[in-house]
Amino acid sequence: MALTNEIVKNRLNEKFGDQLTGWEEPYGMLTCTMPAGLNRQVLQFLNEDEQLRFRFLTDLTGVHYPDRKGEELCVVYHLHNMVDGIRLRLKTYVPVEKPDVFTVTELYSAANWMERETYDFFGVNFVGHPDLRRILNVDEMDYFPMRKEYPLEDQTRADKDDEMFGRGGTVV
Amino acid sequence: MSEYNQHIQLSDESVGKQTTTLNLGPTHPATHGVFENILEIDGEKVLSAKQTVGYIHRAFEKIAERRPYYQVTPLTDRLNYCSAPINNMGWHMTIEKLLGLKLPKRVEYMRVLIMELARISDHLICNSVVAVDTGALTGFTYVFQWRELIYEIYEEICGSRLTTNMGRVGGFERNFSDVAWQKIDKFIEGFPKVMKEFEALLTRNRIFMDRCIGAGPISAERALNYGFTGPNLRAAGVDYDVRVAEPYSSYEDFDFKVPTGTTGDVYDRYLVRNMEIWESLNIVKQAVEKIKQIESNDPAQKDVFYAPESDKYHFPPKEDVYTKMEALIYHFKMVMGEIAVPPGEVYHAVEGANGEVGYYLISDGGRCAYRLHFRRPCFIYYQAFPEMIKDGLLSDAIIALSSLNVIAGELDA
């Protein structure tokens with residue numbers, strides 16, 4: 001029986017109950033949110049379950065939402081079940097003051113550099129990572145450049161207004 | 001002696017150890033790009049490798065957050081610059097997915113044609129460079145004339161050669177010229193002979209085989225765990241190809257094989273790429289046939305090079321901009337990036353020349369992306385390099401690196 005989004009959703013709900021929230025299917029990809037402390041457990045279950053078999057980590061990245069208090073940083077996992085050809089997107093939100101997320105390097109070797117990249121740009125602290133250092137930026141850098149408080153444009157210029165970029169006012 | 005003469009003090013650790021530390025890179029003629037590996041070698045045997053990446057990091061993801069969508073296309077050129085059109089088309093398709101645009105068949109086939117030519121040129125570079133690193137320079141010079149012809153085709157279509165910025169959202173910026181079609185025909189006609197010669201030179205060449213077989217291997221299981229995609233994964237024996245698994249741009253209309261290897265060593269990767277070149281050539285031929293078919297069924301289709309409903313996203317013809325009010329308004333709005341894009345998040349993957357190129361785009365309805373992440377296949381599979389070359393010879397490490405087809409621009413974003 002081919003695996004569908006519906007089956008994946010039911011199987012996850014069966015296992016984790018209502019801890020997984022925010023179910024959506026934007027452009028056909030099943031998406032849900034998991035609590036920060038549960039990310040490794042959920043991914044391990046998806047990896048080891050004989051029916052789900054999400055054994056390929058396609059992508060891991062971060063997003064910064066400065067306006068969401070207490071859940072400013074988002075870590076996004078894209079998983080892929082190559083046998084049934086189905087993708088799954090998982091998100092976990094953490095506060096920017098204490099951005100702790102468990103590492104998944106034991107499950108996927110590919111996560112090593114992707115987590116380092118996410119740490120490098122967003123400052124997400126992957127607990128248990130074997131070698132959490134900056135990867136693309138210089139080691140001496142003391143900020144996390146992809147966060148929204150570092151706009152690209154020169155702030156001293158008066159002739160350039162962020163309103164031109166459709167978000168009104170200044171970037172927080 | 002020179003250490004003594006110049007009063008250089010070596011640390012005890014350095015004097016005491018029995019192995020040699022060797023800096024391979026960041027700039028080295030045999031690494032074809034900015035890759036730094038600090039190897040610990042015992043004679044010729046590699047014991048460990050420490051990688052450093054990021055020498056040419058250019059913050060594309062940050063820049064993309066301040067650029068209207070059409071200005072992101074030149075950034076994608078500079079990821080895998082050996083097959084830039086695939087990246088361009090992948091990015092356009094991501095926006096089309098977000099907008100829900102459907103393209104006419106002719107445009108999709110034109111895209112397929114260009115993407116397969118790009119794949120051929122990318123694989124040609126990779127395979128001929130593997131040959132160069134094993135000491136066979138001749139094959140490289142043979143095939144580069146034909147890569148040059150592919151670049152001329154790009155030039156005929158979009159005006160540039162390496163970083164192409166080809167196509168627009170909804171199709172192409174202009175129709176293919178007659179010269180472009182002639183050059184494509186010339187390529188289809190002349191290339192197989194050269195490719196056969198290239199294969200005759202290397203594939204069953206005893207020296208080449210002895211150098212490549214068993215060098216830098218990886219098992220299917222490890223390759224999947226390391227997030228390998230593309231030819232490198234297929235060489236390890238997994239038949240995953242985005243063109244088949246999730247067809248985009250009408251790939252489902254084409255008939256082609258997905259070649260796989262078994263051991264995932266340099267030789268298998270070389271063979272898989274060679275076979276893919278033949279398959280790509282086959283797809284190019286089919287695309288030309290299909291386009292001719294469409295044109296003979298309906299001659300009006302000859303002028304279709306973008307989706308008609310994408311008027312709002314596609315630059316109007318220049319003469320219209322100068323003579324018609326509406327065209328001028330749209331032109332202005334597009335240049336200023338004032339075209340409304342719905343909020344949403346979308347992941348789109350295309351089969352790049354060295355793996356699954358993914359675009360994860362979060363739009364908040366603004367003029368530019370709220371967040372854009374490129375899934376860069378090189379970046380993900382290059383981390384397996386130390387494991388692949390461990391306990392092999394130093395010379396195997398060099399060809400393993402070139403056969404992985406790691407592109408510095410894509411690695412460092």
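Can you grab the distance from the C-alpha centre of the range B:44-89 to the C-alpha centre of the range A:35-51, Å, no decimals?
Their Cα centres are 31 Å away from one another.
What percent do you get for the relative contact order of the range B:90-162 when only Cα pairs under 8 Å and 6+ apart count? Let's see the in-between values first.
Numbers: 26 pairs, mean separation 14.1, N = 73.
The normalised contact order for the range B:90-162 reaches 19 percent.
Going 7 Å from the Cα of B:T19 in the Cα-to-Cβ direction, what parts of the range B:32-74 have a backbone nitrogen less than 20 Å from that spot?
B:36-53
What's the FRET efficiency of B:T203 with B:Q51 using the Cβ-Cβ distance as r and R₀ = 30 Å, to the nearest 0.05?
The pair B:T203/B:Q51 has a calculated efficiency of 0.45.
Roughly how many Å² is the accessible area per residue of the range B:188-312, as a whole number, for a 1.4 Å probe?
45
Please report, as a whole percent, how much of the solvent-accessible surface of the range B:1-121 comes from carbon and sulfur atoms (probe radius 1.4 Å).
53
Which percent, nearest 5, of DSSP beta bridges in the protein assembly as shown are antiparallel?
Once the DSSP bridges in the protein assembly as shown are tallied, antiparallel ones form about 90 percent.
With a 1.4 Å probe on protein heavy atoms only, tell me which residues of the range B:205-242 lose at least 30 Å² of accessible surface in the complex relative to the chain by itself.
Going by heavy-atom accessible area, the residues of the range B:205-242 that drop by at least 30 Å² are B:L224, B:N225, B:Y240.
With a 1.4 Å probe and every protein chain kept in, tell me what percent of the accessible surface of the range A:113-155 is carbon plus sulfur.
Working: 930 of 1990 Å².
Its accessible area is 47 percent carbon and sulfur atoms.
Could you work out the relative contact order of the range B:55-211, using alpha carbon pairs under 8 angstrom and six or more residues apart, expressed as a whole percent?
Relative contact order for the range B:55-211 comes out at 25 percent.
What is the calculated FRET efficiency for A:R134 to B:E289, with r their C-beta to C-beta distance and R₀ = 41 Å, to the nearest 0.05?
According to the calculation, E is roughly 0.20.
Compute the relative contact order of chain B as a whole-number percentage, counting only Cα pairs closer than 8 Å that sit 6 or more residues apart in sequence.
Worked out over chain B, it gives 25 percent.
Which of the residues in the range A:28-60 show a loss of at least 10 Å² in accessible area from their chain by itself to the complete set of protein chains, at a probe of 1.4 Å?
Output list: A:M29, A:R55, A:F56, A:T58, A:D59.
Modelling each spin label as a point 7 Å along the Cα-to-Cβ direction, I'd like the B:S296/B:Q71 distance in nm, to one decimal.
Here the answer is 4.7 nm between the modelled labels.
Measure off, as a whole percent, the carbon and sulfur share of the 1.4 Å-probe accessible area of the range B:157-245, all protein chains present.
52
Give me the summed buried accessible area for the A-B pair, 1.4 Å probe, to the nearest 100 Å².
Values: alone 10040 and 18470 Å², together 24380 Å².
About 4100 Å² of accessible surface is lost on pairing.
In the range A:125-150, which residues become less accessible by 30 Å² or more once every protein chain is in place, relative to the chain on its own, using a 1.4 Å probe?
A:I135, A:L136, A:M146, A:K148
The values are calculated or read from the model by the stated rules, or taken from the named source; none is laboratory data. Since this is a predicted model, take the numbers as computed values, not measurements. Cβ atoms come from the backbone with ideal geometry, glycine included; neighbour counts cover every protein chain shown. Heads up: the accessible areas ignore ligands, DNA and RNA and are worked out on the full protein's heavy atoms, side chains in. Shrake-Rupley method; radii C 1.70, N 1.55, O 1.52, S 1.80 Å.
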